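Engineer: There's a structure below that I have some questions on.
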Amino acid sequence: DEQGPVLVKVTPLVLSADAAAWKFQIIFDTHTGDLADDPLQVITLTDDQGKVYAPTAWDGAAPGGHHREGTLIFSAINPAPLYVELKIKNIGGIPERSFQWRIDTTQK
């Protein structure tokens, strides 16, 4: 997502119906300002029923600077939904950024 002054990249690392935790690589890049927002406070996961889940951990760079990268971890949703949507609020002046993936529920 390249809106505003902050580039945000999200890549699912573990996102399967049989996993205990779901993990996403998150990269924030900017040429202006500092990246001080706490990913645990500004990122959520929403399932296909509209239920919202908070992350359980951030394993990555501390606040500050122009580049932050890390792994955001959520408890896996059980039973697995058809899809999930990762939402990031108020980064770089953008009210909401959204990323969506389908979950393969046939593999258990």
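Engineer: Tell me the relative contact order for the range 51-92 as a rounded percent, counting alpha carbon contacts under 8 Å between residues six or more apart.
Structural biologist: Taking the mean separation of contacting Cα pairs over the length of the range 51-92, I get 33 percent.
Engineer: Quick one: ranking I73, I91 by accessible area, 1.4 Å probe, largest first, what do you get?
Structural biologist: I73, I91
Engineer: Excluding F28 itself, calculate the net charge of residues whose Cβ lies under 13 Å from the Cβ of F28, where each Lys or Arg counts +1 and each Asp or Glu counts -1.
Structural biologist: Local charge sum for F28: -4.
Engineer: Sum up the lysine pairs in the chain that clear both bars: alpha-carbon distance under 23 Å and a spacing of 8 or more or different chains.
Structural biologist: So the count of such lysine pairs works out to 10.
Engineer: Using just the helices of the chain, give the 222 nm mean residue ellipticity in deg cm²/dmol: DSSP H runs with n ≥ 4 each add -39,500 (n - 2.57), and the total is spread over all residues, rounded to 500.
Structural biologist: Computed ellipticity for the chain at 222 nm equals -500 deg cm²/dmol.
Engineer: OK, next. If you build a Gaussian network model of the chain, linking Cα atoms that sit under 10 Å apart, which residue out of G92, G60, G50 swings the most?
Structural biologist: G50
Engineer: I need to check one value: relative contact order of the chain, counting alpha carbon pairs closer than 8 Å and at least 6 residues apart, in percent.
Structural biologist: Dividing the mean separation by the residue count of the chain yields 29 percent.
Engineer: Additional query: State, as an integer percentage, the relative contact order of the range 19-81 based on alpha-carbon contacts under 8 Å between residues 6 or more apart.
Structural biologist: After rounding, I find 45 percent.
Engineer: Using a basic spin-label model with each label point 7 Å from the Cα along Cα→Cβ, how many nm lie between V52 and I27?
Structural biologist: That separation, rounded to one decimal, is 2.9 nm.
Engineer: Further, regarding this structure: Which shape class, rounded, prolate or oblate, goes with the range 1-72 when its Cα gyration tensor gives a ≥ b ≥ c as root eigenvalues, a/c under 1.5 marks rounded, and past that a/b bigger than b/c marks prolate?
Structural biologist: Here the range 1-72 falls in the prolate category.
Engineer: Still on this model: Can you pull out the trypsin sites (Lys or Arg not before Pro) in the range 2-72 that DSSP calls coil and that have at most 10 other Cβ atoms within 10 Å?
Structural biologist: Passing both the DSSP loop test and the Cβ count: K51.
The values are calculated or read from the model by the stated rules, or taken from the named source; none is laboratory data. Since we're looking at a predicted model, the values are computed, not measured. Neighbour counts are summed over all protein chains in view; Cβ atoms, including those assigned to glycine, are modelled from backbone coordinates with ideal geometry. Each accessible area value is taken on the protein alone, full model and side chains, heavy atoms only, with ligands, DNA and RNA left out. Shrake-Rupley method; radii C 1.70, N 1.55, O 1.52, S 1.80 Å.
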